[in-house]
2 protein chains.
Amino acid sequence: MERLIVDMDDVMADATGQFIDYYEREFGIRVDRESLNHQDEGHGFPDHQHIIKQFPHRPSFFRTMKRHENSYEVMRELNARYDLFIVSAAMEFPRSLSEKLEWLQEHFSFLTWKQIVFCGSKTVVHGDYMIDDMPYNLEKFNGEKFIFTAPHNLHHNHFTRLNNWNEVAVRFL
Amino acid sequence: MERLIVDMDDVMADATGQFIDYYEREFGIRVDRESLNHQDEGHGFPDHQHIIKQFPHRPSFFRTMKRHENSYEVMRELNARYDLFIVSAAMEFPRSLSEKLEWLQEHFSFLTWKQIVFCGSKTVVHGDYMIDDMPYNLEKFNGEKFIFTAPHNLHHNHFTRLNNWNEVAVRFL
């Protein structure tokens, strides 16, 4: 079985949507998702950059993210056809470790703990395919690389692009 | 730089000693470490097997382990000479995630979060060398394999054996 490595934030989980929701709750302004395009993560918001950086350290930030549309259905099929691993760079945010594990158990209950990897740097994992929203994660990967579209990576064109989970299904199923 | 992957339980941390301490606290019997030799992890204790299995689920079990003798000094030198990663199969015990991270920050404060990996299966990591006490972790590793001596692995002779951290230093420094 070929090994497929899938990222969590802004791939399985709508991290961008969570930043927008937290920003609105804190500052009363609903930022348009498209206004974040082509800007680094967290940099597209009009103000309060230093506070936005604190959002991932807050309780429930990772636990309450929404699932990306169709990710559940596609992942369930991928799980049957691939040696599937979830690899998330969670170590920077200690609180996220247990929250991400609980999130996966709730939203992707067909996955087992053996398929989950929380790391700092993804350079240590290897496989046949990697789907990630961060170019620096893909750059050092040994296998075939796919960038999952998020506002902060629209200007990157080094990797095969997958715009949504329907495109993941078309490519991998 | 060559990549060296090091395990936590019964390599950096004295997991066996923790089982012995918990057993004594619970049942009033101090089990001799040598009496555990050649038996699977947790199986060498005279009684209460079902309760021993619960120890790793208890608060503080992973947080309060002792460091293996000389591990700090040798790891600090290894850290300067190798692309060093700590890879621990922590995902089976959700509580261990934050406890292991805190333990590393306390006992090996020179390590950064980028060097830490918590996984279920270690098949997904690759490197040049792996030091681990569990044969099943070593078996599927792509690089050179070293078994770190623990009571439960004394009967294995498939891998180069390192009996203690002084032997790690001799081999790698």
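Pairs A:Lys53/B:Lys114; A:Lys66/A:Lys100; A:Lys100/B:Lys53; B:Lys100/B:Lys122: which are spaced more than 21 Å apart, C-alpha to C-alpha?
A:Lys100/B:Lys53
From the label point of B:Lys140, set 7 Å along Cα to the beta carbon, how far off in nm is each other copy's matching point, shortest first?
Ordered by distance, the counterparts are at 2.3 nm.
In nm, what does the list of distances from A:Asp83 to its counterparts in the other copies look like, shortest first, when each label sits 7 Å along Cα to Cβ?
2.0
Taking a ≥ b ≥ c as the square roots of the eigenvalues of the Cα gyration tensor of segment A:123-173, is the shape rounded (a/c under 1.5), prolate (a/b larger than b/c) or oblate?
Here segment A:123-173 falls in the oblate category.
Quantify how strongly other chains surround peptide A:149-155 by giving the mean number of their Cβ atoms within 10 Å of each of its Cβ atoms.
For peptide A:149-155, the averaged partner shielding equals 0.
Check B:Asp83: other-chain or 5+ apart residues with amide H under 5 Å from its amide H, H built from backbone geometry?
The answer is B:Glu2, B:Arg3, B:Leu4.
Ordered by residue, what ³J(HN,Hα) values in Hz, to whole numbers, does segment B:6-12 give under the Karplus form 6.51 cos²θ - 1.76 cosθ + 1.60, where θ = phi - 60° and Gly and Pro are x?
10, 7, 9, 5, 6, 10, 7
Starting from the 7 Å offset along Cα-to-Cβ, what nm value, one decimal, do you get for the label separation of B:Lys114 and B:Leu173?
2.4 nm
Can you compute 3J(HN,Hα) from phi for each residue in segment A:94-110, using the Karplus curve 6.51 cos²θ - 1.76 cosθ + 1.60 with θ = phi - 60°, rounded to whole Hz and x for Gly and Pro?
So the J values, rounded to whole Hz, are x, 5, 5, 4, 6, 5, 5, 5, 5, 4, 5, 5, 6, 8, 9, 5, 7.
Would you mind listing the distances between the A:Ile29 label point and the same position in each other copy? Use 7 Å along Cα-to-C-beta, nm, one decimal, shortest first.
In ascending order, 6.8 nm.
Which whole-number percent gives the relative contact order of chain B, counting Cα pairs below 8 Å spaced six or more residues apart? Could the numbers behind the result be given before it?
Details: 268 pairs, mean separation 52.3, N = 173.
Relative contact order comes out at 30 percent.
Could you state the number of Å between the C-alpha centres of segment B:1-33 and segment A:118-164?
Centre-to-centre distance over Cα atoms comes out at 37 Å.
What is the distance, in nm, between label points placed 7 Å from the Cα along the Cα-to-Cβ direction at B:Arg30 and at A:Asn79?
Using points 7 Å along Cα→Cβ, the separation is 4.8 nm.
Roll a 1.4 Å probe over the protein chains and send me the accessible area per residue for segment B:15-57 in Å².
Working: 2490 Å² over 43 residues.
Per residue, segment B:15-57 has 58 Å² of solvent-accessible surface.
Answer rounded, prolate or oblate for segment A:15-57, using the Cα gyration tensor with square roots of eigenvalues a ≥ b ≥ c: rounded when a/c is under 1.5, else prolate when a/b is larger than b/c, else oblate.
Rounded shape, in that the Cα axes give a/c under 1.5.
Could you run the Karplus curve 6.51 cos²θ - 1.76 cosθ + 1.60 with θ = phi - 60° over segment B:57-63 and give me ³J(HN,Hα) per residue in whole Hz, x for Gly and Pro?
Running phi through 6.51 cos²θ - 1.76 cosθ + 1.60 with θ = phi - 60° gives 8, 7, x, 6, 4, 7, 5 Hz.
Can you compute the equivalent ellipsoid semi-axes for chain A, i.e. the square root of 5 times each eigenvalue of the Cα gyration tensor, sorted largest first and rounded to whole Å?
They are 26, 18, 15 Å, listed largest first.
Using a probe radius of 1.4 Å on heavy atoms only, what accessible surface per residue do you get for segment B:73-142? Whole Å² is fine.
38 Å²
GluC sites (Glu not before Pro) within segment B:79-173: which are DSSP loop residues with at most 15 other Cβ atoms inside 10 Å?
When the GluC sites (Glu not before Pro) of segment B:79-173 are filtered for loop state and at most 15 Cβ neighbours within 10 Å, B:Glu92 remain.
Give the carbon-plus-sulfur fraction of the accessible surface of segment A:109-169 in %, rounded to a whole number; probe 1.4 Å, heavy atoms of protein chains only.
48 percent
Return the Cα extents of the protein assembly as shown along principal axes one, two and three, sorted largest first, each rounded to a whole Å.
Reported extents, whole Å, longest axis first: 65, 39, 37.
Using only protein heavy atoms and a 1.4 angstrom probe, determine the accessible area buried between B and A, summed over both sides, in Å² to the nearest 100.
Using a 1.4 Å probe, the pair buries roughly 2000 Å².
Considering only DSSP beta bridges whose two residues both sit in chain B, what percent are antiparallel, to the nearest 5?
5 percent
The values are calculated or read from the model by the stated rules, or taken from the named source; none is laboratory data. Just so you know, these numbers come straight off a predicted model, no measurement behind them. Reconstructed Cβ throughout: ideal geometry from the backbone, glycine too, with neighbour counts over all protein chains shown. Calculation scope for accessible area: heavy atoms of the full protein, side chains included, ligands and nucleic acids excluded. Shrake-Rupley method; radii C 1.70, N 1.55, O 1.52, S 1.80 Å.
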